[in-house]
Amino acid sequence: MKFLRKIAAPVAALAIGASALAAPVAGASTVKPSDISFGAPASAITPLPVTGNSPDWQTKTQNDPRVKHLNAYSTAMGRNIPLAVISAGKPNAPTLYLLNGAGGAEQNMDWLVRAPGIVDFYASKGVNVVIPQEGAFSYYINWDNPNPAAAPGYLKGTQKWEDFLLRELPGGIEPYLDANDNRAIAGFSMSATSSLLLAEKAPGFFDGVGSFSGCAET
């Protein structure tokens, strides 16, 4: 996708996460992760080691102390979901959930590989940036079909992204990062639609929503 090769330029546009979240937010999220978990267990967060089979995003950032490589377990999907986390480097910081486009990290078309300047941009903004590095072609929603045949080779196993991103991940990663209750979600292309849908599913949970080149239902 040509669009994905040009995403380095719009990194500055994602100041929604830097400016809107780095400053104190009046009436910031009154809805906490436990309020929307519906009893789902919070994701267990564990280190994700770099191996000989690691994807490009890991090998390119393995020596960058600003980027954490983590696993977040999803009970709904029954597997670990890899995360790239650009750390705020301090406690009580807000969190930006940043979603990849269609091919995602599975096709090396994710934020870290195609827009490496994103690390430099956010590292000084005092914001934790959490990027799920799986979910290509999923639209980050819950699928009825537990073994979808679409996009063979990518959609493996259960696809319950709404459950993971709303009900499991925040309750695990935010305490792990010692984050505060200010949070936003943003995406581009495929996930630009997803960010809007997820925010609609959890009114009051996100302080900001970013949708770049998405397909919004108006």
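The values are calculated or read from the model by the stated rules, or taken from the named source; none is laboratory data. Predicted model only: the values in this text are computed from it and were never measured. Glycine gets a Cβ as well: all are built from the backbone with ideal geometry, and neighbour counts include every protein chain shown. The accessibility values were calculated without ligands, DNA or RNA, using every heavy atom of the protein model including side chains. Shrake-Rupley method; radii C 1.70, N 1.55, O 1.52, S 1.80 Å.
Given R₀ = 35 Å, FRET efficiency for Ser124-Ala44 by Cβ-Cβ distance, to 0.05? That gives a FRET efficiency of 0.70. If you take the Cα centroid of region 42-81 and the Cα centroid of region 160-215, the two points sit 19 Å apart. Remark: the Ser37-Lys156 segment gains 40.4 nm on full extension, using 0.36 nm per residue and subtracting the alpha carbon distance. Computed from backbone phi with θ = phi - 60° and the Karplus coefficients 6.51, -1.76 and 1.60, the 3J(HN,Hα) list for region 170-176 is x, x, x, 6, 5, x, 4 Hz; x is used for glycine and proline.
Keeping the other protein chains in place, figure out the carbon and sulfur percent of the accessible area of region 86-183, with a 1.4 Å probe. Here carbon and sulfur together make up 49 percent of the probe-accessible area. Once the chain from Cys215 to Asp64 is taken as fully extended at 0.36 nm per residue, the excess over their C-alpha distance is 50.9 nm.
Ranked by the mean number of other Cβ atoms within 10 Å of their residues, highest first, the peptides 97-110, 29-42, 191-204 come out as 97-110, 191-204, 29-42. For region 78-218, the solvent-accessible area with a 1.4 angstrom probe is 36 square angstrom per residue. Near the amide H of Arg79, within less than 5 Å, lie the amide hydrogens of Ser74, all on another chain or at least 5 residues away, with H placed in the peptide plane. With a 1.4 Å probe rolled over the protein heavy atoms of all chains, the accessible area of Trp57, Trp143 falls in the order Trp143, Trp57, largest first. Cross-link pairs exceeding 28 Å between alpha carbons, from the set Lys60/Lys201; Lys32/Lys156; Lys68/Lys160: Lys60/Lys201; Lys32/Lys156. Computed 3J(HN,Hα) for region 125-132, one whole-Hz value per residue from the Karplus formula 6.51 cos²θ - 1.76 cosθ + 1.60 where θ = phi - 60°, is 9, x, 10, 7, 10, 10, 10, x, glycine and proline marked x. Here r is the Cβ-Cβ distance between Asn108 and Trp143 and R0 is 25 Å; the resulting FRET efficiency, rounded to 0.05, is 0.55. In region 75-178, taking the dipole from charged Cβ atoms about the Cα centre, the farthest positive-side position among Leu96, Pro146, Gly126 is held by Gly126.
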